[in-house]
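One structure is given here, and the rest of the page talks about it.
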Amino acid sequence: MRGVARDTGMVTSEYAMGIIATVAFAGLLFKVVTSGPVKAALQAVVERALDVQF
């Protein structure tokens, strides 16, 4: 179609907002994973996996 503008990608401001949102989510995920209860649960899972007899 001639004369119709297509939206083919993000502009710089959209990339910036996407990066900011991604970094914020990563920070939140890091805080959750390194919190006491979650860290203990993950450690228990790893220890249980390492103690499996083959």
_Heavy-atom accessible area ranking, 1.4 Å probe, most first, across THR22, THR34_ = THR22, THR34
*Accessible area of the chain belonging to carbon and sulfur atoms, whole % at 1.4 Å probe*: 68 percent
*Can you give the charge dipole size of region 4-54 about its Cα centre, rounded to the nearest 20 debye, using +1 on the beta carbon of Lys and Arg and -1 on the beta carbon of Asp and Glu?*
80 debye
*Decide, for the chain, between rounded, prolate and oblate: order the square roots of the alpha carbon gyration tensor eigenvalues as a ≥ b ≥ c, take rounded if a/c falls under 1.5, and otherwise choose prolate if a/b is larger than b/c, else oblate.*
oblate
*Can you sort VAL33, VAL46 by 1.4 Å-probe accessible area, starting with the largest?*
VAL46, VAL33
*Counting only heavy atoms of the protein chains, get the accessible area per residue of the chain (1.4 Å probe) and round it to a whole Å² value.*
98 Å²
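The values are calculated or read from the model by the stated rules, or taken from the named source; none is laboratory data. Owing to the predicted nature of the structure, the values given are computational and were not obtained by experimental measurement. So basically every Cβ, Gly included, is an ideal-geometry build from the backbone, and we count neighbours across all protein chains shown. Side chains included, ligands, DNA and RNA excluded: accessible areas come from the protein's heavy atoms. Shrake-Rupley method; radii C 1.70, N 1.55, O 1.52, S 1.80 Å.
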